[in-house]
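S.K.: Just dropping this structure here.
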Amino acid sequence: MPILNDRWIRKMSEEHGMIEPFESGQVREGVISYGVSSYGYDIRVAPEFKVFTNVYSVVVDPKNFDPRSFVDVNEQTCVIPPNSFALARTLEYFRIPRNVLVVCVGKSTYARCGIIVNVTPLEPTWEGHLTLEISNTTPLPAKIYGGEGIAQLLFFQGNEEPDVAYADRKGKYQNQKGVTLPRM
């Protein structure tokens with residue numbers, strides 16, 4: 001399964017709307033970088049966060065998720081408490097081609113500060129804003145910057161298209177907008 005390069009990412013985004021909005025170069029001046037890299041795309045986090053809270057002492061249950069588990073933060077920066085967690089979304093909207101699998105991995109700038117973005121796939125034909133899971137593994141508060149780079153996407157082209165892709169099976173996170181909570 002070959003990894004796809006910057007030329008392919010530019011072409012698919014500019015001609016087919018694979019990534020919108022799309023940054024055709026690497027933006028780095030005064031921000032945590034985002035945009036096209038050699039073999040990937042550095043995505044931005046939107047200034048829209050859901051930070052875990054213990055105010056209501058609810059149980060975190062993926063089969064019956066209680067939205068009171070979070071406090072909404074709609075600011076340019078978000079502070080994640082020590083040893084805690086937040087959900088966010090990308091600024092970018094994605095349309096993944098049928099013969100491509102995308103893997104989202106954290107950026108080293110945040111990882112070196114103990115902030116981990118969950119590794120997650122974007123499956124063939126998936127479309128939407130990517131919901132990001134951001135963990136602060138440190139005993140200190142950690143700051144996240146909205147509108148700046150948060151993770152990198154790596155694009156892999158399959159040797160052939162899958163028989164059944166994400167849209168075909170009507171995946172539960174298809175066409176998601178905003179920060180999307182767990183669904184059953």
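The values are calculated or read from the model by the stated rules, or taken from the named source; none is laboratory data. In this text the structure is predicted, and so the values were computed from the model without any measurement. Backbone-built Cβ (ideal geometry, glycine too); neighbour counts: all protein chains shown.
S.K.: Just the residues that are hydrophobic (A, V, I, L, M, F, W, C) and in a strand (DSSP E or B), please, taken from region 3-61.
M.R.: Once the filter is applied, which keeps residues that are hydrophobic (A, V, I, L, M, F, W, C) and in a strand (DSSP E or B), region 3-61 yields I3, I19, V27, V36, I43, V45, F49, V51, F52.
S.K.: Can I ask one more? So, in region 62-98, exactly how many residues are under 22 Å from Y34 (Cβ atoms) and assigned to a strand (DSSP E or B)?
M.R.: Final tally of qualifying residues: 15.
S.K.: State whether the residues of region 86-98 include one that is of a type outside the set (F, W, Y) and farther than 29 Å from F156 by Cβ.
M.R.: No: region 86-98 contains no residue that is of a type outside the set (F, W, Y) and farther than 29 Å from F156 by Cβ.
S.K.: Which residues, counting only those in region 21-62, are of a type outside the set (A, V, I, L, M, F, W, C) and under 23 Å from K177 (Cβ atoms)?
M.R.: Those that are of a type outside the set (A, V, I, L, M, F, W, C) and under 23 Å from K177 (Cβ atoms): P21, E23, Y34, G35, Y41, D42, R44, P47, E48, K50, P62.
Listed here are the residues, each with its yes/no results for (1) surrounded by fewer than 16 Cβ atoms within 10 Å (Cβ to Cβ); (2) at pLDDT 95 or above; (3) hydrophobic (A, V, I, L, M, F, W, C).
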site	(1), (2), (3)
E92	no, yes, no
I96	no, yes, yes
P124	no, yes, no
Y145	no, yes, no
E148	no, yes, no
A151	no, yes, yes
D168	yes, yes, no
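S.K.: For region 131-184, how many residues are in a loop (DSSP other than H, G, I, E, B) and under 19 Å from the mean Cα position of the chain (by Cα)?
M.R.: Here the count works out to 18.
S.K.: I would also like to ask the following. State whether one or more residues within region 30-46 are loosely packed, with under 13 Cβ neighbours inside 10 Å, modelled with pLDDT of 95 or more and over 30 Å from P124 (Cβ atoms).
M.R.: Scanning region 30-46, I find at least one residue that is loosely packed, with under 13 Cβ neighbours inside 10 Å, modelled with pLDDT of 95 or more and over 30 Å from P124 (Cβ atoms), so the answer is yes.
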